[in-house]
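Notes for the one structure printed next.
The values are calculated or read from the model by the stated rules, or taken from the named source; none is laboratory data. This structure is a prediction, so every number in the text was calculated from the model and none was measured. Positions of Cβ are generated from backbone atoms using ideal geometry, with glycine treated the same way; all protein chains shown enter the neighbour counts. The area values use the complete protein model at the heavy-atom level, side chains included, leaving out ligands, DNA and RNA. Shrake-Rupley method; radii C 1.70, N 1.55, O 1.52, S 1.80 Å.
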Amino acid sequence: MTKSEGLAKAGFSSLIELAINIPHSYSDTRLSERAEISKTNTIEAEVVSVSRLPKRLQARVRTPASERMIEITIFHPKPYHNALFKPGMRHFLQGRIEMFGPKLRMTNPKIVSKTGQIVPRYRCKIRQDIYRRIVDTLVSVESLMEEGLDRNAAELIARAHRPDGKWLELYDRYGGIGPKTLEALKFAEAFDYFSRMRGKRVRFEAKRALKGSIGPFLERLPFELTEGQKRAVSDIAADLGGAAATRRMVVGDVGSGKTMVILAAAMMAYPHRSILMAPTSILARQLYEEAKKWLPEFMDIALVTQGRERGEPSNAHFIVGTHALLYRDLPEADLIMVDEQHRFGTEQRKMLEKFHSEGKRKPHYLQFSATPIPRTQAMLDSALIDISLIESTPFAKDVKTEIVGRRDFGKLKEHIGREIAEGRQVLVVYPLVEESEHIGYLSLEESEEFWRKNFDGVYVTHGRDRLKEEVLQEFAQKGSILLATTVIEVGISLPRLSTIVIAGAERMGLSTLHQLRGRVGRTGLKSYCFLFTNTPDNDRLKAFVRTKDGFEIARLDLKFRRSGDILGGKIQSGKEFLWLNMAEDEAIVKRAKEAAGRR
Ligand code: ADP
Ligand code: MG
């Protein structure tokens, strides 16, 4: 059997994958020299006497493993039990021996035919014996080392497939593998992932290297870039200046200042052209305004949205727009950027890239995302795309987060009144519900009247609202309270927004809550986030109140999801890992990445 035949038969594509699928249990049929109480023993037994009771067979057996006889009880015996248990007959019996007063007892023993072995049992889709033979042939310390594992990890993993008595004793005592073996398995899994992804990543030649200086842009800024921004900018500078087409994702919390990074990249591309695509026309317009404000005058900037155009797209250095960009005949660009990338389909993102390719040579491509992912996940993803994390925000956000229940509603109403009187704005987010569903909260429609009766300047929008953008635009200028469902992603900045109330907060993932909380206090304004819930004593919400860091929240979200206390939401990565835990294994993944990189 060759390696590839064996792997194919077992259903795996790499040897490490086969090796980390360790046995789920072991069947130990070694004979006990001395019967041990409160343990599973395999004994050679001679039946001395038998009594048959209704629904029960009772026998006394003699064994070399004990001076005393052992009482065997079999409940609901089958005909073959009756045939096997007759005085004078000998069998190998396996089961737990317990003290029962002065007597030794074994209840419902297994009758084993072969003794003296430790047989691993696997999760597999083929016959156990065939699977075992494949593992026996392919998995060894040497073969694992050939795959690139260090001796220590290779030994720990190989041992789990062929344990000796001492190993098995520890396994039984602790109810599973030890921490060192677990770590070796995690390491091997991450190592295998990186090794395989390396082959998968395709690199393209860039149409041209972009090496413009960002000096003229930096000079105009009234502030210094944050550490996170600087790092992202220098990652991008290194990318754009190279011969390979850049494929990078910049991930930074809401308010971490990604726009400045976008503008810096456009500046680096100058005098060549760059294009930025944003998910809504409000957002595109805002980005356009910021570009006009911060980029030097010698850069020509244009805006392209549906039915609206500013500047001269046909010869601009920097074109900002919505997906309308995909349907316009535009000059070719050397740098493509997509803001809030998760709001576009893969197709749309690919299309933009394709329009600006020249045969095999591609434009540089940068994506920006406001959805923090756990660092461990970012590291794994970085096998396929380069990633920059912006982990800081320009100003410490002053958002007071509080869990409120029904009883506190009066105070909440007063607070809202005060904020509005000060000229600030309030966003109230309602959970999205199907009409038939009863969840214990008023829906947006049901609450609307209450707000209108008590306050002026109430605006309403929801995800399916076709006039969403107009409503938002008007609210931004004239409104006091905006009622919305979660599906609205308010990408635009509302600088006067100081309070957000999230109804039914316990129904939402922490990352969603964090996105929503990120809507307030974007300019350093003292702000408030109220988590309105019928179940205020909720650990997840309490953890959320304490945590401000989006990357930490992504980690927590994953942790709580694992423990199954969340209703909806999907885990980012398509790949499921057997051993790795995104919430905890950052250090191991880092080591594995380095080790795989050295090969
Ligand atoms: P993001 O797109 O990452 O959510 P923005 O780019 O909209 O965040 O930036 C949020 C706010 O922070 C903007 O008002 C922006 O002008 C400001 N800002 C960005 N970078 C800095 C900085 N280095 N120092 C101070 N303010 C900054
Ligand atoms: Mg942004």
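Observations, loosely collected:
- Condition met for Thr393 (part of a loop (DSSP other than H, G, I, E, B) and of a type outside the set (Phe, Trp, Tyr)): yes
- With respect to being hydrophobic (A, V, I, L, M, F, W, C), free of Cβ contacts under 8 Å to residues at least 40 places away in the same chain and under 30 Å from Ile37 (Cα atoms), Ile111 fits the description.
- Hits in the range 234-265 - residues which are open to solvent by 10 Å² or more (accessible area, probe 1.4 Å), in a helix (DSSP H, G or I) and within 13 Å of ligand 1 (Cβ to nearest atom): Lys258, Thr259, Met260
- Filter result for Ser369 (within 16 Å of ligand 1 (Cβ to nearest atom) and under 30 Å from Gln306 (Cβ atoms)): yes
- Residues satisfying the criterion are present in the range 70-88 (criterion: surrounded by 14 or more Cβ atoms within 10 Å (Cβ to Cβ) and either under 30 Å from Leu156 (Cα atoms) or in contact with a His (Cβ under 6 Å, 6 or more places away or on another chain) (or both)).
Yes/no per residue for (1) touching a strand residue (DSSP E or B) at 6+ places or on another chain (Cβ under 6 Å); (2) more than 30 Å from Phe92 (Cα to Cα); (3) among the charged types (D, E, K, R); (4) within 16 Å of ligand 1 (Cβ to nearest atom):
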site	(1), (2), (3), (4)
Thr115	yes, no, no, no
Lys125	no, no, yes, no
Glu146	no, yes, yes, no
Glu155	no, yes, yes, no
Lys166	no, no, yes, no
Arg208	no, yes, yes, no
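- Unique residue being on the phi < 0 side of the Ramachandran plot and buried (at least 16 other Cβ atoms within 10 Å of the Cβ) when the list is Glu67, Glu17: Glu17
- Set Ile403, Ile387: member being of a type in the set (Val, Ile, Thr) and either away from ligand 1 (no atom under 16 Å from the Cβ) or assigned to a helix (DSSP H, G or I) (or both): Ile403
- Residue list for the range 411-450, restricted to those being at pLDDT below 90, of a type in the set (Gly, Ala, Ser) and open to solvent by 30 Å² or more (accessible area, probe 1.4 Å): Ser436
- Remark: pairs (first residue in the range 538-567, among the aromatic types (Phe, Trp, Tyr); second residue at pLDDT below 85; Cβ separation under 7 Å; 6+ apart in sequence or on different chains) = Phe551/Pro372; Phe551/Pro374; Phe551/Arg375; Phe560/Ile566.
- Residue, nearest to ligand 1 (Cβ to nearest atom), within the range 286-301, restricted to residues that are surrounded by fewer than 18 Cβ atoms within 10 Å (Cβ to Cβ) and more than 18 Å from Asp339 (Cα to Cα): Lys293
- Being under 30 Å from Val139 (Cβ atoms) and in a strand (DSSP E or B) is a condition met by at least one residue of the range 75-93.
- The range 337-376, subset open to solvent by 20 Å² or more (accessible area, probe 1.4 Å) and among the acidic types (Asp, Glu), residue nearest to ligand 2 (Cβ to nearest atom): Glu340
- Some residue of the range 223-231 being of a type in the set (A, V, I, L, M) and within 16 Å of ligand 2 (Cβ to nearest atom): yes
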